[in-house]
């Protein structure tokens, strides 16, 4: 009697065991699908961040070149530090390069004001097969904005009066006072390789 009851109890428990194991397997596959989607989204965000920074850095380099070209004309410096200069060219090609390097494609890229770039990318890879329908064709998208901040300030020299006997004949340039307590004492004859570099003149970072 006891043996038959034990066998009956075992027979009743087996379907419950199968159900529990099946439920655990389903949860495991569900967590795997969530992990796949999260990894794909993280990859998209990494690509978007890198692309936006690259576009902004390209614009920063162009502005720094414009500053060097106009070293002798301090009246133009403020416009350049504000993001305005002659001859600036689109910089989204750098965003496309960095997105491709991170296995993604740029969907849109545009200047965000004078000193920023916003980029949207899509991953080239899909989330992959999972228990969630549609993930085998699902790609992730992400957007990032990078901004340029000037690091330096200056004051234009007061024009010397023609009647000022102490006025110097040589050209005088403003002193650049930059972050970190660095002052650049500039001279029109300073070789280009001794002038401030783009990273000395501007910071580039992702927008908060």
*Using 7 Å Cα-to-Cβ label points, what is the residue 158/residue 172 separation (nm, one decimal)?*
0.9 nm
*In nm, to one decimal, how far is the residue 149 label point from the residue 203 one, both placed 7 Å along Cα→Cβ?*
0.3 nm
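Read-outs throughout are calculated quantities, based only on the coordinates presented, and are distinct from any laboratory measurement. Given the structure is predicted, the values throughout are model-derived calculations rather than measurements. Note: ideal-geometry Cβ built from the backbone for every residue, glycine included; neighbour counts use all protein chains shown.
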